[in-house]
1. Can you sort 63, 50 from fewest to most other Cβ atoms within 10 Å of each residue's own Cβ?
2. Within the range 22-47, which residues have the backbone N less than 19 Å from the label spot 7 Å out from residue 72 along Cα→beta-carbon, could you tell me?
Amino acid sequence: MAVRHENQTAEIIAQSLVDDFSDLTWSPDSQWLAYVEAATNTFVQIKVLHIKTGAIQAITSDHYNSVNPTWNSDGKCSISFRTGC
């Protein structure tokens, strides 16, 4: 479960139906949070959360495991990651 604390209130912004989140990493500008979440087929995929809008987007497929997201040092919204079976 991911929770946003704003103005002394807590709001659930994401909740996994399968397992806990892992490999959480902030973008250099702190506007994005990349994390690993298990899909319903139990493969893990990388997702990104835009902090201001709350929008979540899967950036890897759920057809293979993707782990260890890391942000580029220039702060652009692109990350590198490792995949495997």
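Values quoted throughout were computed directly from the atomic coordinates according to the rules given, and no laboratory measurement underlies them. For clarity, every value in this text was computed on a predicted model and none was experimentally measured. Cβ placement follows ideal geometry from the backbone for every residue including glycine, while neighbour counts extend to all protein chains displayed.
1. On the way: 63 10, 50 14.
Least to most surrounded, the residues fall as 63, 50.
2. Within reach of a label on residue 72, which here means backbone N under 19 Å from a point 7 Å along Cα→Cβ, the range 22-47 contributes 25-35, 46-47.
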